[in-house]
Amino acid sequence: MPHLHLSVRIDPNSGFCFGVIYAIQMAEDLLDEQGYLYCLGDIVHNDEEVQRLEARGLRIICHERLAELRNEAVLIRAHGEPPATYQMALENNLTLIDASCPVVLKVQNRIKASFDRKEKIFIYGKHGHAEVLGLLGQTGGDAVVFENLDELLRHELPENITLYSQTTKGTNSFYNIKNELETRGYQVNANDTICRQVSNRDKDLRRFATQYDQIVFVSGTKSSNGKVLYQVCRDTNPQTHFISNVDEIDATWFLPGQSVGICGATSTPMWLMEQVRDRLLSL
(Lines give C-alpha, C1' and ligand atoms only; values in the text may rest on other atoms or scores of the structure.)
Protein backbone atom coordinates (compact mmCIF):
# COMPACT_ATOMS: atom_id res chain seq x y z
CA MET A 1 0.00 0.00 0.00
CA PRO A 2 1.46 3.42 -0.91
CA HIS A 3 2.52 5.68 1.94
CA LEU A 4 -0.11 8.36 2.74
CA HIS A 5 2.34 11.07 3.92
CA LEU A 6 -0.20 12.59 6.32
CA SER A 7 0.72 15.71 8.25
CA VAL A 8 -0.41 15.12 11.83
CA ARG A 9 -0.72 17.36 14.88
CA ILE A 10 -2.01 16.76 18.40
CA ASP A 11 -4.22 19.47 19.92
CA PRO A 12 -2.07 21.11 22.64
CA ASN A 13 -5.20 21.80 24.73
CA SER A 14 -6.40 18.19 24.77
CA GLY A 15 -5.56 15.57 27.37
CA PHE A 16 -6.17 15.28 31.08
CA CYS A 17 -7.75 18.10 33.04
CA PHE A 18 -6.05 19.03 36.32
CA GLY A 19 -8.51 16.97 38.40
CA VAL A 20 -7.53 13.79 36.56
CA ILE A 21 -3.80 14.63 36.54
CA TYR A 22 -3.98 15.06 40.32
CA ALA A 23 -5.79 11.72 40.88
CA ILE A 24 -3.42 9.75 38.63
CA GLN A 25 -0.34 11.37 40.17
CA MET A 26 -1.63 10.38 43.60
CA ALA A 27 -2.29 6.80 42.46
CA GLU A 28 1.16 6.45 40.88
CA ASP A 29 2.94 7.76 44.00
CA LEU A 30 1.08 5.26 46.20
CA LEU A 31 1.65 2.39 43.77
CA ASP A 32 5.39 3.15 43.85
CA GLU A 33 5.25 3.13 47.65
CA GLN A 34 3.15 0.06 48.40
CA GLY A 35 2.88 -1.91 45.13
CA TYR A 36 -0.93 -2.01 45.05
CA LEU A 37 -3.83 0.36 45.65
CA TYR A 38 -7.60 0.01 45.76
CA CYS A 39 -9.57 2.54 43.74
CA LEU A 40 -13.33 3.00 43.98
CA GLY A 41 -14.61 2.86 40.38
CA ASP A 42 -12.57 3.51 37.22
CA ILE A 43 -9.95 6.12 38.12
CA VAL A 44 -10.69 7.77 34.77
CA HIS A 45 -13.22 6.97 32.04
CA ASN A 46 -10.56 5.64 29.73
CA ASP A 47 -9.98 1.89 29.48
CA GLU A 48 -6.45 2.21 28.08
CA GLU A 49 -5.28 4.35 31.00
CA VAL A 50 -7.06 2.10 33.53
CA GLN A 51 -5.28 -0.96 32.06
CA ARG A 52 -1.92 0.82 32.27
CA LEU A 53 -2.44 1.53 35.97
CA GLU A 54 -3.87 -1.93 36.70
CA ALA A 55 -0.64 -3.38 35.29
CA ARG A 56 1.16 -1.32 37.97
CA GLY A 57 -1.04 -2.71 40.75
CA LEU A 58 -4.21 -0.59 40.79
CA ARG A 59 -7.22 -2.64 41.91
CA ILE A 60 -10.54 -1.18 40.76
CA ILE A 61 -13.40 -2.06 43.11
CA CYS A 62 -17.13 -1.33 43.25
CA HIS A 63 -19.16 -0.16 46.27
CA GLU A 64 -20.20 -3.76 47.10
CA ARG A 65 -16.55 -4.78 47.35
CA LEU A 66 -15.78 -1.62 49.37
CA ALA A 67 -18.31 -2.75 51.99
CA GLU A 68 -16.32 -5.98 52.47
CA LEU A 69 -12.88 -4.33 52.83
CA ARG A 70 -11.30 -3.68 56.23
CA ASN A 71 -8.16 -1.78 57.27
CA GLU A 72 -7.12 -0.82 53.72
CA ALA A 73 -6.40 2.42 51.88
CA VAL A 74 -8.82 3.28 49.07
CA LEU A 75 -8.50 6.05 46.49
CA ILE A 76 -11.51 8.26 45.79
CA ARG A 77 -11.24 9.36 42.15
CA ALA A 78 -11.72 12.85 40.72
CA HIS A 79 -15.51 12.38 40.27
CA GLY A 80 -16.08 12.52 44.03
CA GLU A 81 -18.35 10.39 46.25
CA PRO A 82 -21.55 10.81 48.28
CA PRO A 83 -21.38 11.16 52.11
CA ALA A 84 -22.43 7.50 52.55
CA THR A 85 -19.06 6.36 51.18
CA TYR A 86 -17.15 8.36 53.82
CA GLN A 87 -19.46 6.98 56.52
CA MET A 88 -18.79 3.40 55.39
CA ALA A 89 -15.04 4.04 55.40
CA LEU A 90 -15.21 5.18 59.05
CA GLU A 91 -17.17 2.07 60.05
CA ASN A 92 -14.80 -0.30 58.19
CA ASN A 93 -11.58 1.39 59.31
CA LEU A 94 -10.64 2.31 55.73
CA THR A 95 -8.26 5.14 54.95
CA LEU A 96 -9.70 7.21 52.10
CA ILE A 97 -7.18 8.88 49.85
CA ASP A 98 -9.35 11.64 48.49
CA ALA A 99 -8.48 12.70 44.97
CA SER A 100 -11.89 14.32 44.39
CA CYS A 101 -11.52 17.20 41.96
CA PRO A 102 -11.62 20.55 43.81
CA VAL A 103 -14.17 21.85 41.28
CA VAL A 104 -16.48 18.90 42.04
CA LEU A 105 -16.04 19.30 45.81
CA LYS A 106 -17.07 22.94 45.53
CA VAL A 107 -20.27 21.94 43.69
CA GLN A 108 -21.00 19.30 46.36
CA ASN A 109 -20.69 21.96 49.07
CA ARG A 110 -22.93 24.41 47.23
CA ILE A 111 -25.62 21.77 46.68
CA LYS A 112 -25.45 20.77 50.35
CA ALA A 113 -25.93 24.44 51.36
CA SER A 114 -28.92 24.79 48.99
CA PHE A 115 -30.42 21.61 50.39
CA ASP A 116 -29.98 22.85 53.96
CA ARG A 117 -31.92 25.98 52.93
CA LYS A 118 -34.76 23.67 51.79
CA GLU A 119 -34.46 24.69 48.13
CA LYS A 120 -35.91 22.48 45.37
CA ILE A 121 -32.80 21.26 43.59
CA PHE A 122 -32.58 20.08 39.98
CA ILE A 123 -29.29 18.74 38.60
CA TYR A 124 -28.59 18.77 34.88
CA GLY A 125 -26.48 15.64 34.44
CA LYS A 126 -26.28 12.02 33.42
CA HIS A 127 -28.24 9.45 35.46
CA GLY A 128 -25.95 7.10 37.35
CA HIS A 129 -22.77 9.03 36.50
CA ALA A 130 -20.20 8.86 39.31
CA GLU A 131 -20.02 12.62 39.77
CA VAL A 132 -23.82 12.99 39.70
CA LEU A 133 -24.23 10.30 42.39
CA GLY A 134 -21.85 12.28 44.59
CA LEU A 135 -23.87 15.46 44.02
CA LEU A 136 -27.18 13.68 44.61
CA GLY A 137 -25.80 12.26 47.84
CA GLN A 138 -25.49 15.78 49.27
CA THR A 139 -29.29 15.96 49.26
CA GLY A 140 -29.87 12.43 50.59
CA GLY A 141 -31.16 11.51 47.13
CA ASP A 142 -33.77 14.27 47.25
CA ALA A 143 -32.64 16.34 44.23
CA VAL A 144 -33.99 15.61 40.75
CA VAL A 145 -31.48 14.61 38.07
CA PHE A 146 -32.45 15.22 34.44
CA GLU A 147 -30.58 14.77 31.15
CA ASN A 148 -32.51 17.18 28.93
CA LEU A 149 -35.31 19.73 28.90
CA ASP A 150 -38.02 17.24 27.85
CA GLU A 151 -37.24 15.03 30.81
CA LEU A 152 -37.24 18.02 33.18
CA LEU A 153 -40.63 19.22 31.95
CA ARG A 154 -42.19 15.83 32.68
CA HIS A 155 -41.73 16.57 36.41
CA GLU A 156 -44.16 18.52 38.59
CA LEU A 157 -42.05 21.68 38.81
CA PRO A 158 -42.18 24.11 41.75
CA GLU A 159 -42.39 27.86 41.09
CA ASN A 160 -38.86 28.32 42.41
CA ILE A 161 -36.22 26.08 40.89
CA THR A 162 -32.60 25.84 42.00
CA LEU A 163 -30.58 24.62 39.04
CA TYR A 164 -27.15 22.98 39.16
CA SER A 165 -25.07 21.16 36.58
CA GLN A 166 -22.67 18.25 36.36
CA THR A 167 -19.26 19.90 35.83
CA THR A 168 -18.71 18.38 32.36
CA LYS A 169 -21.95 19.54 30.71
CA GLY A 170 -22.00 22.10 27.89
CA THR A 171 -22.61 25.74 28.92
CA ASN A 172 -24.89 26.42 25.95
CA SER A 173 -27.35 23.68 26.80
CA PHE A 174 -27.33 24.70 30.49
CA TYR A 175 -28.28 28.29 29.65
CA ASN A 176 -30.87 27.15 27.09
CA ILE A 177 -32.59 25.16 29.85
CA LYS A 178 -32.47 28.13 32.23
CA ASN A 179 -33.91 30.50 29.58
CA GLU A 180 -36.66 28.07 28.56
CA LEU A 181 -37.77 27.67 32.20
CA GLU A 182 -37.83 31.45 32.68
CA THR A 183 -39.83 31.87 29.48
CA ARG A 184 -42.37 29.47 30.99
CA GLY A 185 -42.67 31.64 34.08
CA TYR A 186 -40.51 29.79 36.60
CA GLN A 187 -38.16 31.56 39.02
CA VAL A 188 -34.77 30.02 38.32
CA ASN A 189 -31.81 30.27 40.65
CA ALA A 190 -29.22 29.03 38.14
CA ASN A 191 -25.85 27.91 39.47
CA ASP A 192 -23.46 27.54 36.58
CA THR A 193 -21.24 24.82 38.04
CA ILE A 194 -19.65 23.80 34.75
CA CYS A 195 -15.88 23.42 34.87
CA ARG A 196 -14.24 26.06 32.71
CA GLN A 197 -11.42 23.70 31.85
CA VAL A 198 -14.06 21.65 30.09
CA SER A 199 -16.25 24.41 28.65
CA ASN A 200 -13.28 26.38 27.32
CA ARG A 201 -12.20 23.31 25.40
CA ASP A 202 -15.43 23.68 23.49
CA LYS A 203 -14.20 26.94 21.94
CA ASP A 204 -10.59 25.72 21.56
CA LEU A 205 -11.76 22.56 19.81
CA ARG A 206 -13.96 24.43 17.35
CA ARG A 207 -10.93 26.46 16.36
CA PHE A 208 -8.71 23.37 16.19
CA ALA A 209 -11.18 21.27 14.17
CA THR A 210 -11.50 23.85 11.38
CA GLN A 211 -7.77 23.72 10.63
CA TYR A 212 -7.51 20.12 9.35
CA ASP A 213 -8.88 17.93 6.55
CA GLN A 214 -9.62 15.16 9.06
CA ILE A 215 -10.00 14.98 12.83
CA VAL A 216 -9.35 11.87 14.90
CA PHE A 217 -11.06 12.18 18.28
CA VAL A 218 -9.65 9.82 20.92
CA SER A 219 -11.77 8.97 23.95
CA GLY A 220 -13.07 6.17 26.11
CA THR A 221 -16.66 5.19 25.32
CA LYS A 222 -17.67 5.78 28.99
CA SER A 223 -16.57 9.41 29.02
CA SER A 224 -19.50 11.88 29.21
CA ASN A 225 -17.20 14.73 28.39
CA GLY A 226 -15.83 12.73 25.44
CA LYS A 227 -19.32 12.46 23.94
CA VAL A 228 -19.88 16.21 24.29
CA LEU A 229 -16.52 17.20 22.81
CA TYR A 230 -16.72 14.66 19.98
CA GLN A 231 -20.04 16.23 18.98
CA VAL A 232 -18.44 19.69 19.04
CA CYS A 233 -15.71 18.44 16.66
CA ARG A 234 -18.21 16.76 14.35
CA ASP A 235 -20.43 19.80 14.16
CA THR A 236 -17.38 21.87 13.20
CA ASN A 237 -15.73 19.33 10.92
CA PRO A 238 -17.89 16.47 9.58
CA GLN A 239 -14.69 14.53 8.78
CA THR A 240 -14.30 13.62 12.46
CA HIS A 241 -13.66 10.01 13.52
CA PHE A 242 -14.18 8.65 17.05
CA ILE A 243 -11.70 6.02 18.26
CA SER A 244 -10.80 4.54 21.65
CA ASN A 245 -7.45 3.01 20.66
CA VAL A 246 -4.99 2.84 17.75
CA ASP A 247 -6.42 -0.41 16.38
CA GLU A 248 -9.63 1.40 15.42
CA ILE A 249 -7.84 3.64 12.92
CA ASP A 250 -8.95 2.95 9.35
CA ALA A 251 -6.49 3.97 6.64
CA THR A 252 -9.34 4.36 4.12
CA TRP A 253 -10.51 7.49 5.98
CA PHE A 254 -7.57 9.45 4.61
CA LEU A 255 -6.35 10.66 1.24
CA PRO A 256 -2.62 11.03 0.52
CA GLY A 257 -1.10 14.24 1.90
CA GLN A 258 -4.08 15.21 4.06
CA SER A 259 -3.70 17.11 7.32
CA VAL A 260 -5.01 15.34 10.42
CA GLY A 261 -5.71 16.84 13.84
CA ILE A 262 -5.79 14.58 16.90
CA CYS A 263 -7.75 15.63 19.98
CA GLY A 264 -9.53 14.04 22.92
CA ALA A 265 -11.52 14.25 26.13
CA THR A 266 -10.42 15.49 29.57
CA SER A 267 -9.98 11.77 30.38
CA THR A 268 -7.79 10.95 27.35
CA PRO A 269 -4.11 10.44 28.22
CA MET A 270 -1.50 12.24 26.14
CA TRP A 271 0.45 8.98 25.62
CA LEU A 272 -2.58 7.51 23.84
CA MET A 273 -2.87 10.49 21.47
CA GLU A 274 0.86 10.15 20.79
CA GLN A 275 0.37 6.47 19.87
CA VAL A 276 -2.39 7.53 17.49
CA ARG A 277 -0.09 10.15 15.94
CA ASP A 278 2.69 7.58 15.44
CA ARG A 279 0.28 5.13 13.81
CA LEU A 280 -1.06 7.81 11.45
CA LEU A 281 2.46 8.86 10.47
CA SER A 282 3.29 5.26 9.61
CA LEU A 283 0.32 4.89 7.22
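The values are calculated or read from the model by the stated rules, or taken from the named source; none is laboratory data. Because the structure is a prediction, the values reported are computed rather than measured. Glycine gets a Cβ as well: all are built from the backbone with ideal geometry, and neighbour counts include every protein chain shown. To get the accessible areas, we keep the full protein, side chains included, count just its heavy atoms, and leave off ligands, DNA and RNA. Shrake-Rupley method; radii C 1.70, N 1.55, O 1.52, S 1.80 Å.
Points worth noting:
- Cα centroid separation - the stretch 208-250 against the stretch 1-41, whole Å: 18 Å
- The fraction of all Cα pairs in the chain landing in successive 5 Å bins from 0 to the largest distance is 1, 5, 12, 14, 15, 14, 13, 10, 8, 4, 2, 1, 0, 0, given as whole percents.
- Only one residue of Met88, Ala73, Asn109 has its Cα farthest out toward the positive end of the dipole of the stretch 47-115, where Lys and Arg carry +1 and Asp and Glu -1 on Cβ, and that residue is Asn109.
- Percentage relative contact order, the stretch 121-233, counting C-alpha pairs under 8 Å, at least six apart: 24 percent
- Residue among Val50, Val218, Val104 with the largest mean-square fluctuation in a Gaussian network model of the chain, springs linking Cα atoms under 10 Å: Val50
- Compared with the direct C-alpha span, the chain from Thr221 to Thr236 gains 3.3 nm at full extension, assuming 0.36 nm per residue.
- Among the protein heavy atoms of the chain, carbon and sulfur supply 49% of the accessible surface, probe 1.4 Å, non-protein parts ignored.
- Burial order of peptide ranges 64-70, 138-144, 2-8 (average beta-carbon count within 10 Å, highest first): 138-144, 2-8, 64-70
- Here the simple spin-label model places points 7 Å from the Cα toward Cβ, and for Asp192 and Asp116 these points are separated by 2.6 nm.
- Flagged links, alpha-carbon separation over 19 Å, of Lys120/Lys227; Lys126/Lys169; Lys126/Lys227; Lys106/Lys222; Lys126/Lys178; Lys169/Lys227: Lys120/Lys227; Lys106/Lys222
- Amide H partners (placed H, <5 Å) of Ile10, local residues excluded: Ile262
- With DNA, RNA and ligands ignored, accessible area of Lys178 (1.4 Å probe; Å², nearest 10): 40 Å²
- Considering only alpha-carbon pairs that sit under 8 angstrom and 6 or more positions apart, the relative contact order computed for the stretch 1-151 is 19 percent.
- Estimated FRET transfer efficiency (Arg56, His127; beta-carbon r; R0 45 Å; 0.05): 0.90
- The calculated 222 nm mean residue ellipticity attributable to helices in the chain amounts to -13000 deg cm²/dmol, summing -39500 (n - 2.57) over DSSP H runs of n ≥ 4 and dividing by all residues.
- Using the 1.4 Å probe convention, the accessible area of the chain works out to 47 Å² per residue with neighbouring protein chains retained.
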